[in-house]
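Each remark here refers to the structure printed beneath this line.
The values are calculated or read from the model by the stated rules, or taken from the named source; none is laboratory data. Note that the structure is predicted; figures quoted are calculated from it, not measured. Cβ placement follows ideal geometry from the backbone for every residue including glycine, while neighbour counts extend to all protein chains displayed.
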Amino acid sequence: MSGRAASGVLWLTAQKWAVRLFGLVTIAVLTRLLSPEDFGTVAAASTVLPFFYLLADLGFAAYIVQADKTDARMLSTAFWFSLGAGVVLSAALFAVSPVFGAVFRDEGVVPVLQTLSLCVILAAAGSVPTALLRRDMRFRTLAWQGATGAAIAQVVALAAAFSGWGVWALVAQSLVAPSISTVLAWTASRWRPSFAFAASDFRTMATFGGQVLGVEFVAMLRAWGEAAVISATLGMAALGFMNIALRLVQIVQDLTGSAIVPVTNVAFAKIRNTPARLRSAYLRALRLTYFTMSLPLTVLAVTAPLILPIAFGDGWEPSYQVAQILALAGTLSVGAWLDHGLFYGVGKPGVWFAYALIIDALTLGATVLLAPRGLVAIAWGFLAVCIVATVSRWFLTARLLHARLREVAGPFGYLIVAVGISAAAGWAIVTVAGSLPVWLCLSLTAMSVAVVHLLVTRVMSPGVIPEALGIIAQSRVGARIPVVRRYRKGA
């Protein structure tokens, strides 16, 4: 199990590296061809779509991934509901798009959102095959599918942008990627639905999925609310600046931690009936998560003013400090990725829903309160909420695992010291080498942060680095374990 989980993390992380590195080049070109308003318009429309994705799936995919067993009737029930709901919701989104245009005070959102409503059908059609691949821990297959879809979509976006399509280049990218991923998921899963629909299976999945839906719905409501508040208070260009800052932080998070939730969800589900093993696995994963995710986020917190002009060109100065603060907030909340997978894996999405409801309400409230003061003030609000969220999760996970609070909170001390000292070293290098060429200053700063971070890790948590190397070795074993299960029609 450890080998397969490690293999899954590495494969999905490798996919994100490939997609994001190519995507960084793509967005560097697009930011020179498109305006901040174009990015703001698509960002506004994109905050609406996840609501409809969630309603179409109703959390059934999450249930399939962690269920003790599946059968043909249950899978077919999930598929036919998702597909039917996807068609209905896509039509509803098309019809109500003018309302969202009025909310965002941008008529350009309307045709963009109407076109992107097709994504709801695509997501619904691919939810069950993708869930089956995750359940079988076929993360290598999922990685190839995601990389292929993203690469083709980015090529399409570049071609459209050079052809003068403007904002529609971003729309084309958003449509092509899920289309390809859905087709590949059906091909790889080898599963075909039967014409069956069971009310009892539907109720079981809906009970679990409703709690999952609540978590994601609240998160999407918060994102939509934040976008609406920023665009209405500060303008669509400000939303574009915030989107670029968020995107840069998300790129770093995807490159280091995006594989944690899908992999740990499955892995924790398979060992949830052995409490001692579950507790040991969680604490081990927590230390590794802090180590792997905090280093790149700390580098970004120090070097964002150097990276942004290189990656996105001139004219994005309002995003610089916002990205730095958001990166610091990200370092304080890296444990949330692991905790998300833990609560879903052990079948406790309701607890996570209650936590998410409170934290997302605080985040949106902080945005409303601080928006008149500007984007930087909003970012500081995010940071403050992240501190509250981190402390809250200590109590929740300690109770779930029947562990002492000190066991769960202890590794956070290492995180604070490692981030604080390595960030200070990086800022010192930026101050001293600021007159050097940007690339040289960036390289020296990143190296200094990495060296100091590794030294602090060696002193405060000496077992983490050898354990990380051991995980890489285990992943080779996990990658060689064959998956013999295949899904046929009605199976």
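Cβ separations smaller than 8 Å between residues 6+ apart or across chains give the following pairs from segment 270-297 residues that are in the same structural domain as ALA398 (by TED's automatic domain parsing) to residues that are at pLDDT below 85 and of a type in the set (Lys, Arg): LEU278/ARG272.
Among residues of segment 140-154 that are within 14 Å of VAL25 (Cα to Cα), those with a Cβ under 8 angstrom from a residue that is polar (S, T, N, Q) and part of a helix (DSSP H, G or I), sequence gap 6+ or separate chain, pair up as ALA153/GLN173; ALA153/SER174; GLN154/THR26; GLN154/GLN173. Taken over segment 352-364, the residue count meeting the criterion of being among the small types (Gly, Ala, Ser) and either within 17 Å of SER333 (Cα to Cα) or modelled with pLDDT of 95 or more (or both) is 2. The set of residues in segment 342-351 that are surrounded by fewer than 22 Cβ atoms within 10 Å (Cβ to Cβ), part of a helix (DSSP H, G or I) and not aliphatic (A, V, I, L, M) contains only GLY350. Taken together, LEU118, LEU133 contain a single residue that is over 25 Å from ARG32 (Cα atoms), within 22 Å of the chain's Cα centre (by Cα) and surrounded by fewer than 19 Cβ atoms within 10 Å (Cβ to Cβ), which is LEU118. In contact (Cβ under 8 Å) with a residue 60 or more places away in the chain and among the polar types (S, T, N, Q): is that true of GLN250 in this structure? So GLN250 does not fit the description; no.
At negative phi and modelled with pLDDT under 90: is that true of GLY381 in this structure? No, not satisfied.
Can you spot a residue in segment 88-104 that is in the same structural domain as VAL48 (by TED's automatic domain parsing), under 25 Å from PHE195 (Cβ atoms), crowded, with 23+ Cβ neighbours inside 10 Å and of a type outside the set (A, V, I, L, M, F, W, C)? No, segment 88-104 contains no residue that is in the same structural domain as VAL48 (by TED's automatic domain parsing), under 25 Å from PHE195 (Cβ atoms), crowded, with 23+ Cβ neighbours inside 10 Å and of a type outside the set (A, V, I, L, M, F, W, C). With respect to the conditions (1) part of a helix (DSSP H, G or I); (2) modelled with pLDDT of 85 or more; (3) under 29 Å from GLY146 (Cβ atoms), SER194 lacks only one, and its number is (1). Residue under question is LEU405, and the condition is that it be touching a residue at least 24 places away in the same chain (Cβ under 8 Å), aliphatic (A, V, I, L, M) and assigned by TED's automatic domain parsing to the domain that holds TRP352; does it hold? No, not satisfied.
Listed by position, the helices (runs of 4 or more DSSP H) inside segment 76-163 whose residues that are under 14 Å from VAL48 (Cβ atoms), in contact with a helix residue (DSSP H, G or I) (Cβ under 9 Å, 6 or more places away or on another chain) and of a type in the set (S, T, N, Q) number at least 1 are 109-116. Here the condition is being in contact (Cβ under 8 Å) with a residue 12 or more places away in the chain and either in a helix (DSSP H, G or I) or farther than 30 Å from SER461 by Cα (or both); of PHE382, PHE395, it holds for PHE382 alone.
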